[in-house]
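Bear in mind that the values in this text are calculations on the coordinates, not laboratory data. All values reported here derive from a predicted model rather than from experimental measurement. Cβ atoms come from the backbone with ideal geometry, glycine included; neighbour counts cover every protein chain shown.
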Amino acid sequence: VHGVELVRARTPGAIKKFIQAARYPIHKQKVETIGEGLRGWGSHKFAAWVWGVDEEQYLKIADAWPLNPDGELLFGAKIEDRIALAHAAETLSVPGLAFAEHGPRDMGFSYGHLEGRADPPVPPEVNAAGEKVLNLCKENGLYFLDNVLPSNVREKIDWGVMIGAGSNEEAASEGRNYTKRTMPWK
């Protein structure tokens, strides 16, 4: 599985083009909404080798999940400024997305905060943006991504975070223990 995220996802049209550009035209789910895929023949050859699958298999799985249940590409939207937040309801309803986040550092920066805080305490409008994006994720069946620390990973999971970011092995371990994750992690 490979995840790709569009930062500064300001409009639904940008997300549609983002997903359309990564899809092959053989995949037909929701083409009436996002358009026919734009990836061309030949781009799959090296990618199949990298993924360790044959070319035919790659063509089948190199598509947006959960739009395509067999797809192994996760597309995300980073709603990280005031402009993106104003269009978030429409943007996060585009078929083909799997996750979203509110990008607290850049969100705060767009509100004029110079310190770029992602960890507590964050400004109230940044927290409100996170709440809005989280609720839109729930409405649209998307996973919510947010920064987690060892000290707040349990609280973040309870809040609704499904993808913990921050490159902190201690937080990841604590999160796996808290959720009783048994799947191998290597």
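Which GluC sites (Glu not before Pro) in region 58-157 pass both tests, a DSSP loop state and at most 11 other beta-carbon atoms within 10 Å? Let's see the in-between values first.
Working: sites: 72, 80, 90, 101, 115, 125, 131, 139, 155; in loops: 72, 80, 115.
Filter output for region 58-157: 115.
Counting only chymotrypsin sites (Phe, Trp or Tyr not before Pro) that sit in a DSSP loop (anything but H, G, I, E, B) with at most 12 other Cβ atoms within 10 Å, what is the longest stretch of the chain containing none of them?
Working: sites that count: 41, 185.
With chymotrypsin sites (Phe, Trp or Tyr not before Pro) excluded where exposed in loops, the chain gives 42-184 as its longest stretch.
Select from 182, 165, 13 the residue farthest towards the positive end of the dipole of the chain; place +1 on Cβ of Lys and Arg, -1 on Cβ of Asp and Glu, and compute about the Cα centre.
Farthest towards the positive end: 13.
For the pairs 17/138; 45/78; 17/78; 16/60; 28/156, flag any whose C-alpha to C-alpha distance is greater than 26 Å. It would help to have the intermediate numbers written out before the result.
Details: 17/138 23 Å; 45/78 30 Å; 17/78 15 Å; 16/60 20 Å; 28/156 36 Å.
Check vs 26 Å cut-off fails for 45/78; 28/156.
I need 23, 8 ordered by Cβ neighbour count within 10 Å, fewest first.
Working: 23 27, 8 16.
With the sparsest Cβ surroundings first, the list reads 8, 23.
Nearest 0.05, what FRET efficiency do residue 7 and residue 159 give at R0 = 22 Å with Cβ-Cβ as r?
Between residue 7 and residue 159 the formula returns 0.45.
Based on DSSP H runs of at least 4 residues, each adding -39500 (n - 2.57), what is the mean residue ellipticity at 222 nm of the chain after dividing by all its residues, to the nearest 500 deg cm²/dmol? If you can, show how the numbers build up before the last one.
Numbers: 10 runs with 82 residues, N = 186.
Calculated mean residue ellipticity at 222 nm is -12000 deg cm²/dmol.
Taking square-rooted eigenvalues a ≥ b ≥ c of the alpha carbon gyration tensor, is region 1-130 rounded, prolate or oblate, where a/c under 1.5 means rounded and, failing that, a/b exceeding b/c means prolate?
In terms of gyration-tensor shape, prolate.
Order of 102, 2, 87 from fewest to most other C-beta atoms within 10 Å?
On the way: 102 28, 2 13, 87 17.
Placing the least packed residue first, the sequence is 2, 87, 102.
Would you mind getting me the FRET efficiency between residue 173 and residue 32? Use the beta-carbon distance for r and R0 = 45 Å, nearest 0.05.
On the way: r = 44 Å, r/R0 = 0.98.
Efficiency, rounded to the nearest 0.05: 0.55.
Exposure proxy check: 11, 182 ranked by fewest other beta carbons within 10 Å?
182, 11
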